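Okay, structure first, notes after.
What follows is calculated from the coordinates using simple rules that are stated; it is not laboratory data. All figures in this text were calculated on a predicted structure; none of them were measured in a lab. Cβ coordinates were reconstructed from backbone atoms using ideal geometry, including for glycine residues, and neighbour counts include every protein chain displayed.
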Amino acid sequence: MKVGDLSIPESVKQVIINSGITELYPPQEEAIRAGALEEKNLILASPTASGKTLIAELCALKHILEKDGKILYLTPLRALASEKYEEFKKYTVIRKKSGRRVTVGISTGDYDSNDRWLEKFDIIVTTNEKADSLLRHRTHWMNEISLVVADEVHLLNDAERGPTLEVVLARLMQINPDAQLLALSATVKNAEEAAEWLKAGSITTKWRPVVLKEGVVLQDEAHFKDGDAFKIEKPSKNPAINLALHIIQSGGQALIFAATRKNSVSLAKKAAASMATRLSKPMKRSLTRIAEQVLSTGERTRISELLAELVQHGTAFHHAGLGGRHRKIIEDAFRDGKIKVITATPTLAFGVNLPARMVIIHDYRRYEAGYGYYPIKVLEYKQMAGRAGRPRYDKIGEALLIAKTEDERDYLMENYVLSETERIWSKLAVERILRSHVLATIAADFARTEQGIYDFFDRTFYAHQYGSDAIKGVIVKILKFLYDEKMIEINGENVSATRFGRRVSELYIDPISGVMIRDALLSRAPKLTDISFLHMIAHTPDMSPRLRPYSSEIEQLALFVDEHQDEFMLEVPDEWVDRIAYENFLGEAKLASVLGAWIEETTEDDTIGKFRVQPGDLYRLISTARWLLYASHELASLFGHKDLLRNLAELTERVKKGVKMELLPLVRLEGIGRVRARILHDSGLKTIKDIKRAPLEKLTNLPLIGPKVAKKIKEQVGGFVKSKEWEKLKKEKSLEQQALTKY
């Protein structure tokens with residue numbers, strides 16, 4: 001089927017043809033024939049790179065240009081949302097009637113907002129959690145949606161992400177029964193069952209634009225399921241490294257999946273050691289520039305230094321411990337063909353689109369605290385293997401598992417390579433997960449009676465799979481908890497949320513977190529300090545990531561707890577009565593210590609060294625802490641604790657910026673982070689007035705503040721910069737730079 005033959009506006013056809021696509025892939029053609037462009041609901045389950053997103057784009061543009069529709073595009077991850085946002089931006093087509101261009105908006109954060117500004121966009125890209133938050137705020141433009149695209153819908157099977165997606169889809173079907181629903185998925189065994197729930201047609205295909213060869217490697221020999229085999233040289237003792245070097249020699253790139261962050265870093269180091277003689281001089285120069293970019297992005301830490309060193313050898317590691325900006329640098333360099341080997345944890349398989357000629361699964365088992373090692377599911381293996389083969393570059397992609405023995409080789413071939421993916425099952429009916437969604441159903445007036453609540457959850461995938469009564473018992477238990485904690489009121493048959501319950505739901509926190517914060521603010525600590533509030537939020541179930549105290553830290557953390565005993569809002573468990581509760585408390589104390597060090601301006605590198613927490617985890621910790629402190633401030637206001645509001649507001653801002661109180665006025669300036677703010681303050685520029693009065697030259701002579709930053713600061717504070725002074729300063733700095741370069 002040719003693009004030119006599609007029943008879509010000519011302007012859209014032109015954009016697609018100009019991008020190099022003139023003919024549809026078989027799965028895309030099937031979707032068109034199944035009525036995707038006729039507003040029929042559809043699940044399209046096909047492998048990575050088989051063109052699912054193009055179908056979503058065609059449906060979206062047809063809705064907008066022909067029916068003035070509004071599109072909601074759901075993704076499970078922020079990185080994926082950003083990727084889809086960029087893809088949609090290429091459609092700068094114009095409506096014939098209004099002459100207005102098609103617009104795209106994105107929102108992935110700030111869960112206490114209805115984001116009214118989004119209504120002006122035609123296509124709105126969000127994460128599942130953000131969409132859930134918008135529904136809780138009863139954002140009115142949600143009622144105008146004519147097409148919902150749910151990406152990676154197989155994640156319904158994921159215990160953490162799946163329930164939110166499930167509830168969002170059920171809610172959207174409730175408020176927009178006539179909207180078209182397009183669900184995109186990897187190949188799953190029971191796509192038809194999910195399609196029945198969504199009242200959709202179903203297309204399942206294994207077709208890929210690049211042939212995927214799957215197999216297993218034992219020592220120096222790779223065996224594929226189609227009977228092919230080849231031998232590899234063994235310059236290294238590690239077969240994964242040998243495979244990577246093998247594919248690099250033929251002009252390809254390798255993506256190695258490891259079970260843990262530690263293993264991914266170790267493999268990257270081994271790969272780097274073998275790459276020295278395999279890089280040309282021009283390539284080495286390019287890699288040096290990328291390494292410099294890594295070092296100049298964010299605070300310099302031992303992790304960024306290690307990453308930069310590996311990048312110079314054409315390798316890199318990629319895991320959740322890396323900061324987002326560093327991950328993007330690595331991803332872009334890999335797409336550009338500069339970095340030859342990425343070693344990653346499996347989270348990459350569910351995230352951004354990053355294909356490679358060869359995918360190597362180094363570990364097929366995962367470690368989980370309390371459970372030990374367990375084999376991954378076939379679906380997870382297929383997600384990783386699906387990254388093999390770059391469309392438009394490769395004819396074949398190869399995915400290989402590593403075996404240590406002949407028995408293991410046979411096991412891997414039978415249980416992964418030759419196996420079908422598992423059925424996806426709803427994970428909604430777990431009290432910890434369902435609690436927040438039951439409260440939201442009441443607080444946002446999606447149901448006003450107990451029967452109405454049951455009726456809504458009867459619309460879910462869980463009820464479709466297990467029957468209506470299966471979830472009812474859990475809901476009854478949750479309703480009792482919400483009533484006992486004064487989050488809901490019952491008046492005859494009517495159920496409604498209290499101000500407390502409604503606010504907790506809007507704040508997008510677990511009802512138990514809301515109860516903990518309410519009770520802590522009421523009881524208080526004998527001595528209120530920053531540690532009091534930081535430990536309070538660390539104790540809530542919403543705090544993530546949790547920090548486990550290492551055995552070498554136990555004594556030091558126990559001393560910390562003893563020293564701050566009067567500052568905790570919660571009673572310290574007796575270590576001799578309940579050792580597990582005591583160690584959990586120490587973990588919370590560690591988390592409070594990390595945040596305490598952050599707001600006292602401890603450097604990232606010192607934080608990594610002292611607490612063994614990595615940049616990516618630190619950023620997520622800061623983001624979560626900031627949100628929980630904001631929620632605490634809102635609940636303190638709700639319950640009339642006026643004396644706490646200033647403390648909580650200032651602490652929220654300090655956690656967000658990572659500074660002592662004295663720097664708060666300075667870090668509010670755009671382009672001024674904690675490091676530059678400290679430089680300004682210590683040079684005597686302690687206030688906005690000081691900066692306004694200071695000569696431009698004084699600013700430019702400070703470390704990390706060049707002419708551009710100085711000018712930007714001056715403009716923000718209302719300081720006047722004479723054009724002659726500015727030109728003179730630029731010229732002087734340029735001459736200085738030339739002199740340094742010559743030297």
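Brief remarks on what is shown
- Per residue Cα convex hull volume in Å³ - calculated over the range 78-129: 70 Å³
- Where labels lie 7 Å past Cα in the beta-carbon direction, separation of residue 580 and residue 19 in nm: 5.1 nm
- In summary, the convex hull built on the alpha carbon positions of the range 431-506 has an orientation-averaged projected area of 4.6 nm².
- Take every Cα pair under 8 Å whose residues are at least 6 apart in sequence, average their separation, divide by the length of the range 211-417, and the relative contact order is 30 percent.
- Using the Karplus relation 6.51 cos²θ - 1.76 cosθ + 1.60 with θ = phi - 60°, the per-residue 3J(HN,Hα) values for the range 705-714 come to 10, x, x, 5, 5, 4, 5, 5, 4, 4 Hz, with x marking Gly and Pro.
- Square roots of five times the Cα gyration tensor eigenvalues for the range 211-417, Å: 27, 20, 15
- Cα shape, the range 583-705, gyration tensor, a/c 1.5 rule: oblate
- Gyration tensor (Cα) of the range 579-620, equivalent ellipsoid semi-axes in angstrom: 21, 10, 8
- Semi-axis lengths (Å, descending) of the ellipsoid that matches the C-alpha gyration tensor of the range 120-174: 20, 12, 10
- Where a label projected 7 Å from the Cα of residue 236 along Cα→Cβ would reach, residues of the range 353-384 with amide N under 16 Å: 357-363
- Residues whose placed amide H lies under 5 Å from that of residue 181, excluding near-sequence neighbours: 41, 42, 148
- Footprinting exposure proxy ranking of 512, 106, fewest other C-beta atoms within 10 angstrom first, gives 512, 106.
- 10 Å binning of all Cα-Cα separations within the chain, expressed as whole percents from 0 upward: 2, 12, 20, 24, 23, 14, 5, 0, 0
- Summary value for the chain: 10 percent relative contact order, contacts being C-alpha pairs under 8 angstrom separated by 6+ residues.
- Relative contact order of the range 1-145, defined on C-alpha pairs under 8 angstrom at six or more residues apart (%): 21 percent
- Computed magnitude of the charge dipole of the chain (debye, nearest 20; Cβ of K, R +1, Cβ of D, E -1): 3600 debye
- A simple spin-label model places pseudo-atoms 7 Å from Cα toward Cβ; at residue 717 and residue 692 they are separated by 1.0 nm.
- Residues listed by number, the range 11-25, amide nitrogen under 17 Å from residue 94 label point at 7 Å toward C-beta: 11-15
- Geometric extent, Cα atoms of the range 3-204 - Rg, Dmax (angstrom): 15.8, 46
- Residue (of 82, 34, 118) at the positive-pole extreme of the range 27-131, dipole from beta-carbon charges: 118
- Per residue, the convex hull spanned by the Cα atoms of the range 310-438 measures out at 176 cubic angstrom.
- Here is the size of the range 378-442 from its Cα atoms: Rg then Dmax, 18.9, 57 Å.
- Kirkwood estimate for the range 511-658, i.e. one over the average of 1/r between Cα atoms, Å: 15.4 Å
- One quarter of the convex hull surface built on the alpha carbon atoms of the range 593-642 amounts to 3.8 nm², the projected area averaged over directions.
- Placing +1 on the Cβ of every Lys and Arg and -1 on the Cβ of every Asp and Glu, with no other charges, gives the range 580-669 a dipole of roughly 200 debye about its Cα centre.
- Spatially, the range 175-206 and the range 392-434 are offset by 22 Å when compared through their Cα centroids.
- Cα-based shape type of the range 412-454, given that a ≥ b ≥ c are square roots of the gyration tensor eigenvalues and the cut on a/c is 1.5: prolate
- Straight-line reach from residue 480: taking Cα to Cα under 18 Å and skipping same-chain neighbours fewer than 8 places apart, the lysines in range are 472.
- Each principal axis of the Cα cloud of the range 194-288 was taken in turn, and the coordinate range along them, longest first, works out to 56, 35, 28 Å.
- 222 nm mean residue ellipticity, helices alone, for the chain (DSSP H n ≥ 4; -39,500 (n - 2.57); rounded to 500): -14500 deg cm²/dmol
- Reducing the range 3-31 and the range 33-91 to their Cα centroids gives an inter-centroid distance of 13 Å.
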